[in-house]
1. So, in region 236-258, of the ones that are under 23 Å from the mean Cα position of the chain (by Cα) and open to solvent by 40 Å² or more (accessible area, probe 1.4 Å), which residue ends up farthest from Val90 (Cα to Cα)?
2. Cβ-Cβ under 8 Å, sequence separation 6+ or interchain: first residue in region 170-184 and free of Cβ contacts under 8 Å to residues at least 24 places away in the same chain, partner hydroxyl-bearing (Ser, Thr, Tyr) and exposed (fewer than 15 other Cβ atoms within 10 Å of the Cβ). Which pairs?
3. Mind counting the residues in region 77-95 that are outside any helix (DSSP H, G or I) and either buried (at least 20 other Cβ atoms within 10 Å of the Cβ) or of a type outside the set (Lys, Arg) (or both)?
4. Could you figure out which of (1) modelled with pLDDT under 95; (2) open to solvent by less than 50 Å² (accessible area, probe 1.4 Å); (3) part of a helix (DSSP H, G or I) isn't true of Met98?
5. So which residues in region 50-76 are of a type outside the set (A, V, I, L, M, F, W, C) and either open to solvent by less than 80 Å² (accessible area, probe 1.4 Å) or outside any loop (DSSP other than H, G, I, E, B) (or both)?
Amino acid sequence: MKKALLYLLLALGISIAVLLVGGAFVGFITGFIDGYNENPTGTTDSEVVMYIMIGICFLLICGLLHLVFIRRGFSSYSWGRIPEGERQKVIIPMIIVMCGMAFVYQYVGNLQPDNEDKEMFLWLHKHPWFSVPLTFLMEATGYLVFFGGILRELLEWKHRPVLVIGSLALLSGVIFWLAEDNPWVVGLTVVIYIIDAWVYECTRSIVPSVCGSLCFESINFLTSSYTPTSWYLLVALVLILPWLFSLHKAMDPYKPID
């Protein structure tokens, strides 16, 4: 329990420190550009600079968290309990299920399309060379810290998966609700979290979840320019139900972990 709290505080400390320094640089950089171009202060579009600086800050956060957590042995990208010849039986169903979840995400996200951060998302979508690698890196870092570090320590401290995973899922839903006012998106995020946590509990590896998350984000990026229709739900149904059952069967050899 103490280690889990330590990992959480460490991740928060690194993130807050980098964001504070990055925020201070936004004003400095815009002022420097205006001075260099001999323009009045405030001429430079600070929003574009802010987007770029936020991206750079998150790159630094992810890099520092990888450096600390991997080098110190707090977490890893190991295959856990999955033997070499059985990995595709876990990876393939996980990827297909998460692709189905992406179609559901696009559909339910459109049920309440108003978004205060719409301009930022549009800017990121116009710059895939920047946003796509950043998104992938952030997703991998999140799994490295919260699953490979915090969840692992909590399960080792008290191996009651239903209680631990359920409590963290509820907590993550409450926290996510503060940033997202679409209840459908919040509910789907909690469901995805439960699937990822359940796979980690069985395999003790974040690799399947990272692979699934990368495909989830790829589908989101490719379909975000289109208006979702009811066909998205049909595609999601075909992808999720049979492959979720296949994933459940694939987990049998790896549970329970005591």
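1. Per the criteria, the residue is Leu237.
2. Nothing qualifies.
3. In the first step, residues of region 77-95 are kept if they are outside any helix (DSSP H, G or I); the result is 77-83.
Pick out the ones that are also either buried (at least 20 other Cβ atoms within 10 Å of the Cβ) or of a type outside the set (Lys, Arg) (or both) and you get 77-80, 82-83.
Count: 6.
4. Met98 satisfies all of (1) modelled with pLDDT under 95; (2) open to solvent by less than 50 Å² (accessible area, probe 1.4 Å); (3) part of a helix (DSSP H, G or I) except (1).
5. Across region 50-76, the qualifying residues are Tyr51, Gly55, Gly63, His66, Arg71, Gly73, Ser75, Ser76.
The values are calculated or read from the model by the stated rules, or taken from the named source; none is laboratory data. No experiment lies behind these values; they were computed from the predicted model shown. Cβ coordinates were reconstructed from backbone atoms using ideal geometry, including for glycine residues, and neighbour counts include every protein chain displayed. To get the accessible areas, we keep the full protein, side chains included, count just its heavy atoms, and leave off ligands, DNA and RNA. Shrake-Rupley method; radii C 1.70, N 1.55, O 1.52, S 1.80 Å.
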